[in-house]
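The structure under discussion appears below in the form of structure tokens.
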Amino acid sequence: MIPKEYQDKLSKSIVDELEANIPSNSSDAKIKKILDATVAEYQDAQVEAGESVGVISAESIGEPGTQMTLNTFHFAGVAEMNVTMGLPRIIEILDGRKNISTPMMEIFLKKPWSTGKDIKQLARLIKETRVKEIATEIAINIVERTIEIKLDSEQMKALSITEAILLKAVQKPVKGYNNKIKDDVLIMKMKGKDDSLNDLYKAKEKVKEVQIRGVKGITQVLPVKRGEEYIIITAGSNLKDILKMEEVDETRTTSNDIFEIEATFGVEAARQSIINEVYKVIESQGLNVDIRHIMLVADTMCASGKVKGITRYGVVSEKASVLARASFETPIKHIINAALIGEVDKLNSVVENVMLNQPIPIGTGLPELIIKTRKKE
Amino acid sequence: MTEVYLNSKFAGNVDNATEFVESIKEERRKSNITGNLNVHFNENSDKIEIDVSRGRARRPLIIVKNGRPLLTEEHIQKLEKKEMSWSDLVKEGIIEYLDAAEEENTYVAFFEKDVTAEHTHLEISPLAMTGLATSLVPYGNFNQSTRLNAGSKNQKQALGFYAANFAVRMDMDVNILHTPQVPLVGTIMHEIAGYDKHPAGQNIVVAIMSFKGYNMEDAIILNQGSIDRGLGRSSYFRPSTAEELRYAGGLVDEISVPDKDVKGYKSEQDYRLLEGDGIIYPEAVIAEGDVIIGKTSPPRFLSSLDEYSLASSTRRESSVNAKHGEVGVIDFVCITENEEGNKLVQVRVRDQRMPEIGDKFTSRHGQKGVVGLVVPQQDMPFSASGIVPDLLFSPHGIPSRMTIAHLIELVAGKTGALSGRHINGTTFDAEPEERIRKELQELGFRENGSETLYNGETGEAFEAKIFIGDMYYLKLKHMVANKLHSRARGPIQLLTRQPTEGRAKEGGLRLGEMEKDTFVAHGASLLLKERFDSDKTIVPICEECGLIAIKDEFKNKSYCPLCGENTPISNIEISYAFKLMLDEFKSLGIYPKLQLKGKY
């Protein structure tokens, strides 16, 4: 319905919207009128060439950032959870930190689990459970050369871990021991005879950390009802393993660890995740920042194909100008390196020109006058 | 076993902690050991901390034993008859001083009627909880604690009568309030501290109302008539000193009117106020740049004989002159000698300071504000009885700060002024508000302190009743005259050729990094360039080697130190700071080559 020439001038979402809304019986002249008005409006709304979008975005995020308070968010529940929010979280995201302070997942479930069926068992299954969590005492019997682990039977019941599960779990990681359970005590007897006490001690430390069940890295689970369905919020993140589970709805399940998302889904997903996470923080503070500013930042961070933080090791290190890099952080390093390789600064960007007191190539400083001089005969 | 620490150092162990602590306290009360000692038993960490170090804040309390305070009626009578003194009470173990740590082990009763067997001490007066400045706030118990704090801080900055011998003192930067008054609404601390000997404020008529918006955001409005009658008038004193220093080789400075052939001679006009001895005379009116003490110094380097002139002309001028923006009258001249026996001349400059827009005033409740407007008396609101307020305070300053005492002081001040008496507003022990209100009603006013005021310009009555009364106001030492500063052009720094910093050096106001960003955000490229023009320079550049060339002004010719005279040289305009950076690169062995390109 919409001619090709207009389709090229407008973005796809606008074209689709027009397709959906223009009545099918409209005359061609009428449609043309509508399209012309739309194109004019669309072009008017676009950013002009030479607009300093970067500085405007920086100011638009930075100024409300000064008003941010309250840097943790509290989840109440059976097990309490704290989530880093506020300015520390924004800094963490924009700096592109590899290890975030509170990794977290939101696990969406397929039917029938999303209706709340066996939700508690499922959550328990996901949570990482280690031997030390069900033990009241772990001791070494030097005379018998055994490790004796007193089990908390109530705790085991609550987590529905049977003795069989425990024996099976312990078998594999700690080799060379005969294991049996007697009167709520797991006795691990060394198979060989000449093993030193040192090895026994090492085995004891190892068995403490043996994972009985669950997904690695998930330290807390919290089933909550969101709207009509049940989801599981976790502390600790492990997208790769969680997505393998058949109960999990892999289309919606997400993590707040941007690098994990990048590794599992790719940069485009990471970019979206940066936008979502930053916007979530700003929204939770009751501040109002246009999402396009955050999108610009996320684009900058992901432009190279990998997630890079806005630090001297990340985005800033890719600036073309030596003077611009030197004016940010560690100037001596940049200048010495530039001197060593004989770098040339083309003075194409803002900071360099401010330093030289030259007009900056932005806004009114962008257009240049070009005169065609006639060749002298 | 309880560990004992003396001045935070481990001293030993004791078996029975309570008994040990009690015996120490007992000995202290008997004056067998020093009264400076405090002991604190921390039950949680099972430690006894004994402290005799200096710098602890301590306060006196009455000791209570078996539910009875040790201070009896008998003691008070003796005190009144002067048969006994405070130090006797301390010596006899009736009153003791506690520090913050020992207070943790006590149970202090506020009033005598509250004392039970459990109590260990009794407050002498609830006022003793506050410090000296805080106890000067009337009705302080009606204020929020933060405001009380702010109020007592402000009082420390008030102008007053700081020393009776101020006329012969050479203090740096001091102010004297011309007509200080004792507050109408005071506290017992005003009597104790002898506040009437060194008052620091004035009782003025305050109306709580807005006035054309000139008292928004904590501003206040003053009555020009009140200022003319002397409200808030003060004098500012600042001494200048000069010393005849002795140098190696028997050379000395000389305080005298400098000879005309002295190096750095100003102009005859600048020295006009000096008398024969080279010192200005008292009551001389000075302006910026005038010489106050004429002085010459010997040449800086004895070997500098490159100046082919007579011996006297090699002396340098080193007079003391009035600073930038300084005006006033010479108040006092003092010629003496210092510890080293050098001649020392001190000259004090006095300047009368009338309240003006921008001066800072405050009540005693942390309600500070800056003068926003001075209104002629005829335009000020007035009451039916002809009272014109001296000051208008904005009602918006009250709700969020909750300084109720500010309002009570206003009513109490009004009552005090009308009945001709001082009102006791001691914190926790003041004359009750109800009684003051009743008295005000009996005097023929509305008991809540409000009155009908009339617009000074039109004569119409204001629809609202205006809360008006007397308050004690303080002029604070922050006056615009000392802070006002502007510059269009002026001195620059030697190194960077950028404007100097700070008012004293007539400096510029820096357009910083973030301010720069706003220009960038607006795309105002050329405006930004113009704003950063303060250190622009024209530098000749050799196009061959890309380094800075040399301009020979005498021959009007440029040449490059590396490539010689026959090389293309272009002048470019850059900031001097950048030129400096290029020079510093060169000093580091980095070759900063500029590649020039034709603009068109």
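Where residues in the range A:1-16 are within 32 Å of the chain's Cα centre (by Cα) and assigned to a helix (DSSP H, G or I), which of them is surrounded by the most Cβ atoms within 10 Å (Cβ to Cβ)? Within the range A:1-16, the match that is surrounded by the most Cβ atoms within 10 Å (Cβ to Cβ) is A:Ile14.
Taking the criterion of being exposed (fewer than 15 other Cβ atoms within 10 Å of the Cβ), part of a loop (DSSP other than H, G, I, E, B) and modelled with pLDDT under 85, would at least one residue in the range A:32-51 satisfy it? Scanning the range A:32-51, I find no residue that is exposed (fewer than 15 other Cβ atoms within 10 Å of the Cβ), part of a loop (DSSP other than H, G, I, E, B) and modelled with pLDDT under 85, so the answer is no.
Just checking, does the range B:489-497 include any residue being within 14 Å of chain A (Cβ to nearest Cβ) and in contact with an Asp or Glu (Cβ under 9 Å, 6 or more places away or on another chain)? The answer is yes, given that some residue of the range B:489-497 is within 14 Å of chain A (Cβ to nearest Cβ) and in contact with an Asp or Glu (Cβ under 9 Å, 6 or more places away or on another chain). Going through (1) facing chain A (nearest Cβ under 9 Å); (2) touching an Asp or Glu at 6+ places or on another chain (Cβ under 8 Å); (3) modelled with pLDDT under 90 one by one, B:Thr518 falls short only on (3).
Restricting to the range B:202-234, name every residue that is within 22 Å of the chain's Cα centre (by Cα) and at positive phi. B:Glu217, B:Asp218, B:Gly232 - these are the residues of the range B:202-234 that are within 22 Å of the chain's Cα centre (by Cα) and at positive phi. I'd like to check something: does the range B:409-430 contain any residue that is assigned to a loop (DSSP other than H, G, I, E, B), of a type in the set (D, E, K, R), buried (at least 22 other Cβ atoms within 10 Å of the Cβ) and modelled with pLDDT of 90 or more? No, because not a single residue in the range B:409-430 is assigned to a loop (DSSP other than H, G, I, E, B), of a type in the set (D, E, K, R), buried (at least 22 other Cβ atoms within 10 Å of the Cβ) and modelled with pLDDT of 90 or more. Reported count of residues in the range B:8-25, each being open to solvent by less than 60 Å² (accessible area, probe 1.4 Å) and either closer than 23 Å to B:Ile94 by Cβ or touching a residue at least 12 places away in the same chain (Cβ under 8 Å) (or both), is 7. Where residues in the range A:29-60 are more than 16 Å from A:His293 (Cβ to Cβ) and among the acidic types (Asp, Glu), which of them is farthest from the other protein chains (Cβ to nearest Cβ)? Per the criteria, the residue is A:Asp36.
The listed residues are A:Ile142, A:Ile147, and the only one of them that is open to solvent by 60 Å² or more (accessible area, probe 1.4 Å), in contact (Cβ under 8 Å) with a residue 12 or more places away in the chain and touching a Leu at 6+ places or on another chain (Cβ under 9 Å) turns out to be A:Ile142. Listed by position, the strands (runs of 3 or more DSSP E) contained in the range A:141-212 that have at least 2 residues being among the hydrophobic types (A, V, I, L, M, F, W, C) and touching a strand residue (DSSP E or B) at 6+ places or on another chain (Cβ under 9 Å) are A:146-151, A:185-190. Of everything in the range A:89-103 that is hydrophobic (A, V, I, L, M, F, W, C) and either in the same structural domain as A:Val170 (by TED's automatic domain parsing) or open to solvent by 20 Å² or more (accessible area, probe 1.4 Å) (or both), the residue that is nearest to A:Val174 (Cα to Cα) is A:Ile100.
Evaluate the following for A:Ser160: is it open to solvent by 30 Å² or more (accessible area, probe 1.4 Å), small (Gly, Ala, Ser) and either closer than 13 Å to A:Val131 by Cα or free of Cβ contacts under 8 Å to residues at least 12 places away in the same chain (or both)? Judged against the criteria, A:Ser160 is not a match. Of all the criteria given as (1) surrounded by fewer than 19 Cβ atoms within 10 Å (Cβ to Cβ); (2) more than 10 Å from every other protein chain (Cβ to nearest Cβ); (3) within 21 Å of B:Ile574 (Cα to Cα); (4) not acidic (Asp, Glu), the one not satisfied by A:Pro361 is (2).
Yes/no per residue for (1) part of a loop (DSSP other than H, G, I, E, B); (2) closer than 24 Å to B:Ile188 by Cα; (3) of a type in the set (Gly, Ala, Ser); (4) open to solvent by 60 Å² or more (accessible area, probe 1.4 Å):
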position: B:Leu89; (1), (2), (3), (4): no, yes, no, no
position: B:Leu98; (1), (2), (3), (4): no, yes, no, no
position: B:Ala101; (1), (2), (3), (4): no, no, yes, no
position: B:Thr106; (1), (2), (3), (4): yes, no, no, no
position: B:His119; (1), (2), (3), (4): yes, no, no, no
position: B:Leu127; (1), (2), (3), (4): no, yes, no, no
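Restricted to helices (runs of 4 or more DSSP H) entirely inside the range A:275-355, those with at least 3 residues that are within 14 Å of another protein chain (Cβ to nearest Cβ) are A:322-328, A:331-341, A:350-355. Every listed requirement among (1) closer than 21 Å to A:Ser57 by Cα; (2) of a type in the set (A, V, I, L, M); (3) touching a residue at least 24 places away in the same chain (Cβ under 8 Å) is met by A:Val315 save one, (3).
The values are calculated or read from the model by the stated rules, or taken from the named source; none is laboratory data. All of these numbers come straight from a predicted model, not from anything done at the bench. Cβ atoms come from the backbone with ideal geometry, glycine included; neighbour counts cover every protein chain shown. Heavy atoms of the whole protein, side chains included, go into the accessibility calculation; ligands, DNA and RNA do not. Shrake-Rupley method; radii C 1.70, N 1.55, O 1.52, S 1.80 Å.
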